[in-house]
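Notes follow the structure.
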Amino acid sequence: MGLPLNEILVDYICETFIETGTECGNGIRQMLMFGDIVTEIHSIELDESYFKKAKQNFSQIEKINLYNGNSLEILPTILEKIEENRAIIWLDAHDNSHAIPSPLMDELDIIKKHSHPNNTILIDDMSQVGNPNSWGRYLSINSIKDALLEINPQYIITEVKSRYELSRRKESHILIAKPHEK
């Protein structure tokens with residue numbers, strides 16, 4: 001679907017952007033709005049048709065790295081390649097049919113094992129957490145917050161409801177974990 005409004009996102013932007021769940025490429029498009037600030041974009045998509053469309057739309061842009069496959073297999077490799085100690089990570093990988101539970105907790109565990117604790121993590125679709133008819137049926141906001149604090153006990157965690165920048169008719173409930181600035 002994309003990311004929250006740029007006026008919210010601007011406080012978290014840094015050189016490297018990583019997302020799980022490319023879908024239509026709105027996250028990539030939005031990062032491109034930040035021009036030279038974002039110098040490296042990594043986007044993972046499980047669905048081959050979405051991946052092919054993203055490849056068609058973004059293959060000519062050097063700073064964009066697209067991956068087709070499971071985020072649980074690809075995310076560790078990306079995180080280990082990141083040389084800077086700070087990235088913004090957008091977690092939005094889930095099955096839109098709601099048939100398969102979300103990989104979110106496993107993604108957070110991977111981030112804990114393979115990532116620098118100064119990364120900012122944004123998690124989309126928190127309104128689905130605990131919903132018995134969605135991919136988030138086995139999750140709770142408290143368990144997600146606990147997992148984030150295992151990555152970095154100093155995280156400042158906030159919940160934001162925002163319209164999407166590139167699809168303003170829709171709103172999302174987002175959880176943001178930002179490192180405490182000294």
Query - Charge dipole (debye, nearest 20) of segment 6-178; +1 at Cβ of Lys and Arg, -1 at Cβ of Asp and Glu - result: 400 debye
Query raised in the report: How much mean residue ellipticity at 222 nm does the chain get from its helices, if each DSSP H run of length 4 or more adds -39500 (n - 2.57) and you divide by all residues, to the nearest 500 deg cm²/dmol?
Result: -8500 deg cm²/dmol
Query raised in the report: Using θ = phi - 60° and the Karplus form 6.51 cos²θ - 1.76 cosθ + 1.60, what ³J(HN,Hα) does each residue of segment 159-169 get, whole Hz, x for Gly and Pro?
Result: 10, 10, 9, 8, 6, 7, 4, 9, 8, 5, 6
Query raised in the report: Do the alpha carbons of any pairs in Lys55/Lys81; Lys53/Lys112; Lys113/Lys178 sit beyond 27 Å of each other, and which pairs?
Result: Lys53/Lys112
**Report entry** Extension reserve of the Lys170-Arg29 stretch, reckoned as 0.36 nm per residue once the Cα distance is removed
**Finding:** 49.1 nm
Query raised in the report: Between rounded, prolate and oblate, where does segment 6-178 land on the alpha carbon gyration tensor, with a ≥ b ≥ c its root eigenvalues, rounded for a/c under 1.5, else prolate if a/b exceeds b/c?
Result: rounded
Report summary line: Quick note on His114, His180, His94, ordering by fewest other C-beta atoms within 10 Å, gives His180, His114, His94
Query - Leading residue at positive end of dipole, the chain (Cβ point charges), from Ile28, Asn131, Ile151 - result: Asn131
Query - Mean separation of Cα contacts under 8 Å, 6 or more apart, over the residue count of the chain: relative contact order % - result: 22 percent
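Read-outs: derived from the displayed coordinates by stated rules, not from any lab. Fair warning: this is a prediction, and the values are worked out from it, not measured in the lab. Heads up, the Cβs are rebuilt from the backbone with ideal geometry, glycines too, and the neighbour counts pull from every protein chain shown.
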